[in-house]
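Everything below concerns the one structure shown next.
Readers should treat all values here as calculations from the given coordinates under stated rules, not as data from a laboratory. In this text, all values refer to a predicted model and were calculated from it rather than measured experimentally. No Cβ is skipped: glycine too gets one built from the backbone with ideal geometry, and neighbour counts run over all protein chains shown.
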Amino acid sequence: MIHLSHWDFRMAKRTPLYARHAALSAKLVDFGGWDMPLHYGSQIEEHHRVRRAAGLFDVSHMTIVDFAEPAPPRALLRYLLANDVARLYPGKALYTCMLNEAGGVIDDLIVYDRGEIGYRLVLNAATRDKDLAWIAPLAERFGAAWRERDDLAMLAVQGPEALTKLESVLGVATVAAVRTLKPFHALEADGLFVARTGYTGEDGVEIMPLAAEAPDLWDRILAAGVAPCGLGARDTLRLEAGMSLYGSDMDETTTPLVSGLGWTVAWEPAERDFVGRAALERQRAAGVPQTFVGLVLEERGVLRGHQHVYDGDREIGLTTSGTFSPTLNRAIALARVSAGVAGRCQVDIRGKRPSARVVKPPFVRHGRALID
């Protein structure tokens with residue numbers, strides 16, 4: 001797909017699996033400067049396939065960064081990230097935010113402890129340039145060696161049948177080892193990095209092969225009976241699971257404390273300084289003005305991001321993400337609202353204000369509805 005702007009001609013980036021997507025007649029869209037599959041025919045069917053069986057996603061647009069020599073990177077990462085990598089041990093991962101000095105979220109990411117090899121960070125695709133520009137001077141200051149791993153790809157296999165389907169691909173012994181891992185743990189076997197992580201609220205793994213080997217791995221996973229799935233289903237799945245999307249549910253103007261991510265901030269030990277800590281402490285001391293909630297529409301309508309939320313005549317917040325939930329067969333949303341809001345509210349949808357129920361996310365986990 002070629003994107004034109006005035007005098008500039010730019011080719012969108014393509015993952016190593018672009019030809020596979022085109023061969024499957026995927027609907028390709030521009031996502032963060034990448035040509036990515038939105039769906040392969042039916043976004044709804046792909047959503048249900050992940051909830052009920054297994055789906056395969058190409059997430060090779062994500063940015064993978066490796067930090068070597070454990071001692072210097074550990075000091076850097078303890079300062080760079082709001083969560084504390086000192087909590088990690090080899091094979092363990094954690095979810096965290098990278099903040100600016102005002103406590104705003106530059107990006108949300110996963111960091112893996114690889115033991116003597118060092119640490120691996122997986123960053124969002126759309127924030128790559130600003131993330132690396134932020135990391136580079138701090139890494140130099142701490143004397144930490146790092147490199148972007150654009151020689152790697154990333155595939156996500158998600159769903160209740162994901163591991164069973166992968167036995168014929170990765171081998172029974174490797175899958176048996178993966179089954180022993182708890183969520184947010186990883187192992188490395190036969191040149192593959194395999195993590196019990198994902199963005200769907202289902203069981204499964206994320207696999208990072210060499211980019212040159214990704215097409216063959218993709219083919220073998222499809223041959224094992226796993227359906228290809230695009231970004232559309234990935235978004236409805238993650239929203240049902242109450243998982244945040246950078247740029248919608250948080251960004252550099254919002255802190256983790258008002259974005260439902262306070263649990264990712266490691267306050268202890270108190271002597272650990274990290275970028276944004278002082279700003280978060282001031283916000284916490286003053287009283288966090290907003291809270292992050294889920295909304296379930298009780299009338300007909302479609303919830304989207306950036307819709308105004310009301311309590312009677314009083315405006316109390318804004319939706320950040322919204323969609324029709326295929327699993328629940330109703331509209332749901334995440335919203336940032338005034339602290340203390342509970343019960344019911346109203347959402348402005350094209351001048352009308354249908355009623356919505358305030359709930360605690362997630363809405364769905366492991367195929368099971370968590371709300372009435």
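A few points about this structure:
- Computed over the stretch 164-232, the P(r) curve from all C-alpha pair distances, binned at 5 Å from the origin, holds 3, 15, 26, 30, 20, 5, 0 percent per bin.
- Computed from the Kirkwood radius of its Cα pairs, the Stokes-Einstein diffusion coefficient for the stretch 106-168 at 20 °C and 1.002 mPa s stands at 150 µm²/s.
- Normalised alpha carbon radius of gyration of the stretch 207-344 [divisor 2.2 N^0.38 Å]: 1.35
- DSSP beta bridge pairing in the chain, given as percent antiparallel to the nearest 5: 95
- For the listed residue pairs K92/K165; K27/K165; K92/K360; K27/K182, the alpha carbons are over 32 angstrom apart in K27/K182.
- Selection of trypsin sites (Lys or Arg not before Pro), the stretch 173-272, meeting DSSP coil and at most 16 other Cβ within 10 Å: R272
- The radius of gyration of the Cα set in the chain, together with its Dmax, comes out at 20.8, 61 angstrom.
- Relative contact order, percent, the chain [alpha-carbon distance under 8 Å, six or more residues apart]: 18
- Net charge dipole size for the chain [Lys, Arg +1 and Asp, Glu -1 on Cβ; Debye, nearest 20]: 960
- Bins of 10 Å, starting at 0 and running to the largest distance - Cα pair percent for the stretch 289-369: 20, 58, 20, 2
- Computed P(r) (all Cα pairs; the stretch 104-260; 10 Å bins; percent): 9, 35, 37, 17, 3
- Rounded D (µm²/s) - the stretch 242-300, Kirkwood Rh over Cα pairs, Stokes-Einstein at 20 °C, 1.002 mPa s: 163
- Extending 7 Å from Cα along the Cβ direction at S355 and again at A223 yields two label points whose distance is 5.6 nm.
- Relative contact order (percent, whole number), the stretch 31-156, Cα cutoff 8 Å, 6+ residue spacing: 34
- Partner aspartates and glutamates for K352 [C-alpha distance under 19 Å; skip if fewer than 8 residues away on the same chain]: E298, E299, D311, D313, E315
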